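The values are calculated or read from the model by the stated rules, or taken from the named source; none is laboratory data. Just so we're clear, the structure is a prediction, and the values are computed from it rather than from any experiment. Glycine also receives a Cβ, built like all others from the backbone with ideal geometry; neighbour counts cover every protein chain displayed.
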Amino acid sequence: MNLLSNPEFLRYARIQLRPNKIVIAVITCAVISITTVLVVTQSLNDYPHRSVTGNQLLGLLFSLQAFLLAVGGGVACLNSIYSEKDHNTFDYQRITRLTSLELALGKLFGAPLLMYFICLCFVPLTFYAAVLAGARPSLVLAAYVVLFVSSLAFHSLTLLLSVLIVKGSQVTGILVCLLLFGIYSTDPRGNILTIGSLGPFAAGTFATAESWRTDNTYVSLFDHFFGFRLHHFPVLIFIDLFCAFWFLLAVVRNIKRDPQRYQVYSPTQSILFALTLNFLLIGFFARWTSVLDSQSFFLTMNLILFGLLGLALLHNRDSARGSLLAAHHQPLLLEALWPAPILLAGTLLANVLIIAQLIRLYPSSTGPSAPGSFLPFVLLRSLAFILWITTNFQFLQCMNLRRGKHPLVLGVLYLTVYYVCVLFVLASIGCFRVPQNMSVGSLFVPSAIYLLDRPNWIYNPSLWVAGFIIQVLLLFVLAFFQSRQLARLKSELAAVSTPT
């Protein structure tokens with residue numbers, strides 16, 4: 001369906017582009033533009049460097065439009081579905097004849113429509129600043145493309161949040177939205193990554209660049225991917241469209257589902273998404289002096305990534321009932337172990353990519369950086385990370401199958417309290433300062449594996465191995481309890497289906 005004939009988009013167009021809103025927006029933007037032109041004209045009499053003044057004004061205007069379009073449009077997308085849920089009208093949209101894709105696209109482009117219009121009103125002033133700065137028209141056009149694509153990716157993310165958040169959490173959703181925007185807009189180029197900013201504020205960098213080949217200490221339009229020098233414009237467009245696609249895919253999968261049956265991604269999609277992000281992260285990673293520090297960075301990033309994907313994979317009681325009904329009288333071994341197989345496969349493949357990259361980055365045949373020297377400890381760290389992620393989410397899955405209100409929140413709270421208390425106790429006895437005691441921490445918190453290296457391993461290798469064994473045993477114990485919960489659910493379904 002054409003977007004201009006999409007009923008959901010047209011509904012938002014009638015709401016967002018009412019005559020009074022348009023008049024107010026046009027008058028406000030016109031006053032700001034005229035005032036800015038008068039101030040700039042006056043300042044040129046005192047400071048005649050037109051290009052410097054124009055560059056400053058051009059960068060400021062693109063920063064203003066980035067904030068308006070990304071943040072303003074993101075909040076509008078965040079409220080688009082949440083407000084419908086809050087007014088109990090979203091169920092009427094779910095049963096319309098619109099497909100999930102049509103409904104999602106209508107909200108994605110319709111909710112921030114007023115922000116698009118306001119940015120359009122600032123185009124004449126932006127062109128004035130570009131002429132004043134002597135900017136290249138192609139770079140100004142590229143800046144607008146960057147502004148649109150980056151904002152689209154952020155709008156897709158906030159629309160997904162709007163689908164997932166529950167009633168009473170609007171303020172929390174907005175705070176999360178602003179936090180994600182801050183992270184999204186930072187420039188990671190430096191000692192860790194060799195890629196520039198992917199957010200909408202990168203538009204100002206393109207607009208004020210001297211040429212397409214700008215590459216100096218202050219401004220660089222080039223990235224490095226696996227050692228290859230790439231221009232930042234196609235890299236930014238590709239990654240932002242990639243993120244927008246995956247966020248929109250999650251919206252389309254769930255927008256017309258019952259909230260109790262939400263599943264952000266299928267297991268295959270989750271693994272593919274995680275591996276692709278790892279591939280991109282590895283490709284733009286800069287070589288550090290320490291191989292174990294490099295691995296710690298990758299493990300931390302994957303802890304966040306698989307933490308979010310793991311939450312999306314968890315089944316609640318309704319989902320478990322659906323799986324039991326689908327399996328009829330067959331034993332649900334996969335359901336009893338869920339989500340362990342998916343997390344094991346995803347984290348294992350991700351760590352294979354990481355280890356292969358570490359070997360490529362540290363190819364020395366001799367010395368402490370040689371693969372034969374660090375490889376055993378890298379493998380042990382990876383194994384601890386895989387078991388850590390799997391056992392934690394196995395526990396959360398067991399909690400999510402319990403009766404009660406918000407059992408998953410309670411499970412996260414239990415884990416948080418446990419880790420905070422244990423870390424304080426271990427820190428008080430010097431487990432993270434004294435090499436002889438560091439192995440004790442691995443028995444209680446798998447995160448102690450970040451401290452594992454050759455000197456710390458030598459003091460007490462048996463305790464490090466015991467930490468691995470405890471994690472494996474805990475995984476089987478949790479799987480056993482989960483099978484017991486599923487058996488009770490199955491008996492409840494059998495009692496309901498038995499005719500009286």
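Looking at 432, 468 in this structure, which one is under 25 Å from residue 375 (Cα atoms), within 35 Å of the chain's Cα centre (by Cα) and in a loop (DSSP other than H, G, I, E, B)? Give the derivation first.
On the way: 468 fails: in a loop (DSSP other than H, G, I, E, B).
On inspection, the qualifying residue turns out to be 432.
Of the residues 249, 277, 299, 324, only one is modelled with pLDDT under 85, crowded, with 16+ Cβ neighbours inside 10 Å, closer than 30 Å to residue 398 by Cβ and aliphatic (A, V, I, L, M); which?
324
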Notebook entry, point to check: Any chance segment 454-475 includes a residue that's in contact with a Lys or Arg (Cβ under 8 Å, 6 or more places away or on another chain) and not charged (D, E, K, R)?
Noted result: no
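Give the residues of segment 88-100 that are crowded, with 17+ Cβ neighbours inside 10 Å and among the polar types (S, T, N, Q), sorted by residue number.
Keep residues of segment 88-100 that are crowded, with 17+ Cβ neighbours inside 10 Å, which gives 90, 93, 98.
Within segment 88-100, just 93 meets the criteria.
Among the residues that make up segment 76-84, is at least one of them touching a Ser or Thr at 6+ places or on another chain (Cβ under 8 Å) and within 21 Å of residue 146 (Cβ to Cβ)? Reasoning before the result, please.
In the first step, residues of segment 76-84 are kept if they are touching a Ser or Thr at 6+ places or on another chain (Cβ under 8 Å); the result is 77-82.
Restricting the remaining residues to those that are within 21 Å of residue 146 (Cβ to Cβ) gives 77.
The answer is yes, given that some residue of segment 76-84 is touching a Ser or Thr at 6+ places or on another chain (Cβ under 8 Å) and within 21 Å of residue 146 (Cβ to Cβ).
Residue-by-condition table, conditions (1) small (Gly, Ala, Ser); (2) buried (at least 20 other Cβ atoms within 10 Å of the Cβ):
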{"site": "382", "(1), (2)": "yes, yes"}
{"site": "394", "(1), (2)": "no, yes"}
{"site": "397", "(1), (2)": "no, yes"}
{"site": "400", "(1), (2)": "no, yes"}
{"site": "412", "(1), (2)": "no, no"}
{"site": "416", "(1), (2)": "no, no"}
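Could you list, in sequence order, all residues of segment 387-429 that are part of a loop (DSSP other than H, G, I, E, B) and not hydrophobic (A, V, I, L, M, F, W, C)? Write out each step before concluding.
Of all residues in segment 387-429, those part of a loop (DSSP other than H, G, I, E, B) come to 401-406, 429.
Listed by number, the residues that qualify are 402, 403, 404, 405, 406.
Determine whether segment 256-268 contains at least one residue that is farther than 30 Å from residue 90 by Cα and crowded, with 16+ Cβ neighbours inside 10 Å. Before you say what the answer is, go through the steps one by one.
Initially, segment 256-268 is screened for residues farther than 30 Å from residue 90 by Cα, giving none.
No, because not a single residue in segment 256-268 is farther than 30 Å from residue 90 by Cα and crowded, with 16+ Cβ neighbours inside 10 Å.
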Check: Counting just the residues of segment 56-95 that are closer than 20 Å to residue 164 by Cα and among the hydroxyl-bearing types (Ser, Thr, Tyr), which one comes out modelled with the highest pLDDT?
Finding: 80
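Residue by residue, here is whether (1) within 12 Å of residue 381 (Cα to Cα); (2) without any contact (Cβ under 8 Å) to a residue 40 or more places away in the chain; (3) crowded, with 16+ Cβ neighbours inside 10 Å holds:
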position: 438; (1), (2), (3): no, yes, yes
position: 447; (1), (2), (3): yes, no, yes
position: 452; (1), (2), (3): yes, no, yes
position: 455; (1), (2), (3): no, yes, no
position: 459; (1), (2), (3): no, yes, no
position: 467; (1), (2), (3): yes, no, yes
